[in-house]
Amino acid sequence: MSEKPLRMVTCGWCETKVFIPGDLPPLGTVPCSKCGHPIMMPMRLRQFELRSVIASGGMGTVYRAWDTTLERMVAIKLMKKELLEDAEALESFYREARSCARLNHTNIVHIYTFDEWEGQQYLVMELADRGSLDDRIVKLHALPELDVLDIGIKIASALDMALKYDLLHRDIKPGNILFNADHEPKLVDFGLARQVDAEHEPTDMIWGTPFYVAPEKIKREPETFLSDMYSLGATLYHAMAGQVPFDAPTPEEVIIAQVNSPLTPPNHILPEITQPTSDALARALAKSPADRFLSYDEFVMALEAARSLLLRQQSLSPQKPRPKGLTSWWKRA
């Protein structure tokens, strides 16, 4: 009997070179012999070699891929084949490609190309494969205040850039903030984005994750950039306090709380959060849009002022040791 052919590939998790069955179908996986992480049989897509899965979602799967022409790593999002006949899903996929392609900002993931191959729709993007803010919240529970302020300043700036192009993101949440190899936050998933002046229909469905959706969206009132600001505030609150601003046993109860329940300031959850930071997040999370910051510039200024004060306080106090294991995890995240 002849032995089955083997192919040597590199595990995307532990970076060990291992052999996998050569007859494994493209995109098929087997556990890594060293770390147990799934190893994928590469698949060729034009000049791209898809090597491993980064993440999967409702619209499709994102793969880490090698561009054989430009010799660089990229991310490729393949739309689920079962959605190819869904006009609404296709429009969302196109919208994500067009919206991101118009925006050139360090903290918005760059789109390289959008194409079709053998009936498969795919999007080629800048690689941001060091996990999401959601992953870091799960791992650390509450992130350091300084880290969250840095993320908030950068993502608020990204949203301001989108606003200059008359775009609302409409789905800000920890899972849509990814990190690249330099741990720079990248805003992704513009699949629900729309023009600022798009006609508002009171009967429109409520899009967004219940934990981060603005009260005016729940009440079917017109959306503005202040709705995205609220969602960013809720995201930063979750990352810093280790819990969402409003929680309840069911999504329906969470939605009701977003509209009616008073906000618990984040420094009432974690007393070590500084007052300026707590105040900035509380204002971004005001029930009425009119009570929030008047612009992203104003929001960024408040976050930067809080950051400066925090740095001054840290310079005057003894440094606490970094939690054991954090550095090594951060490198792998």
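The values are calculated or read from the model by the stated rules, or taken from the named source; none is laboratory data. These numbers come from a predicted model, not from an experiment. Note that each Cβ is placed from the backbone with ideal geometry, even for glycine, and that neighbours are counted across all protein chains shown.
Worth pointing out:
- Some residue of the range 236-247 being under 26 Å from residue 278 (Cα atoms), surrounded by fewer than 17 Cβ atoms within 10 Å (Cβ to Cβ) and either without any contact (Cβ under 8 Å) to a residue 60 or more places away in the chain or aromatic (Phe, Trp, Tyr) (or both): yes
- Flag if residue 291 is among the acidic types (Asp, Glu) and under 25 Å from residue 136 (Cα atoms): no
- Residue within the range 263-272 that is modelled with pLDDT under 95, surrounded by 12 or more Cβ atoms within 10 Å (Cβ to Cβ) and assigned to a helix (DSSP H, G or I) present: no
- Residue 319 vs. criteria assigned by TED's automatic domain parsing to the domain that holds residue 182, surrounded by 13 or more Cβ atoms within 10 Å (Cβ to Cβ) and modelled with pLDDT under 95: no
- In the range 158-182, the residues that are part of a loop (DSSP other than H, G, I, E, B), closer than 24 Å to residue 60 by Cα and not acidic (Asp, Glu): 169, 170, 172, 173, 180, 181
- Test: residue 15 is part of a strand (DSSP E or B), under 19 Å from residue 127 (Cα atoms) and of a type in the set (Asp, Glu): no
- Condition check for residue 65: modelled with pLDDT under 85, in a strand (DSSP E or B) and surrounded by 16 or more Cβ atoms within 10 Å (Cβ to Cβ): no
- Counted residues, the range 79-103 - those being loosely packed, with under 14 Cβ neighbours inside 10 Å, in contact (Cβ under 8 Å) with a residue 24 or more places away in the chain and part of a loop (DSSP other than H, G, I, E, B): 0
- Scanning the range 164-174 for residues that are surrounded by fewer than 18 Cβ atoms within 10 Å (Cβ to Cβ) and either touching a strand residue (DSSP E or B) at 6+ places or on another chain (Cβ under 6 Å) or in contact (Cβ under 8 Å) with a residue 40 or more places away in the chain (or both) yields a count of 2.
- All of (1) in the same structural domain as residue 299 (by TED's automatic domain parsing); (2) buried (at least 19 other Cβ atoms within 10 Å of the Cβ) hold for residue 140 with one exception: (2).
- Qualifying residues in the range 288-299 (those that are over 24 Å from the mean Cα position of the chain (by Cα) and assigned to a loop (DSSP other than H, G, I, E, B)) - the one nearest to residue 229 (Cα to Cα): 294
- Residue within the range 176-198 that is surrounded by fewer than 21 Cβ atoms within 10 Å (Cβ to Cβ), modelled with pLDDT of 95 or more and of a type in the set (Gly, Ala, Ser) present: no
- When residues of the range 105-121 are limited to those that are more than 16 Å from the chain's Cα centre (by Cα) and in contact (Cβ under 8 Å) with a residue 40 or more places away in the chain, the one surrounded by the most Cβ atoms within 10 Å (Cβ to Cβ): 121
- Condition check for residue 52: among the polar types (S, T, N, Q) and surrounded by fewer than 14 Cβ atoms within 10 Å (Cβ to Cβ): no
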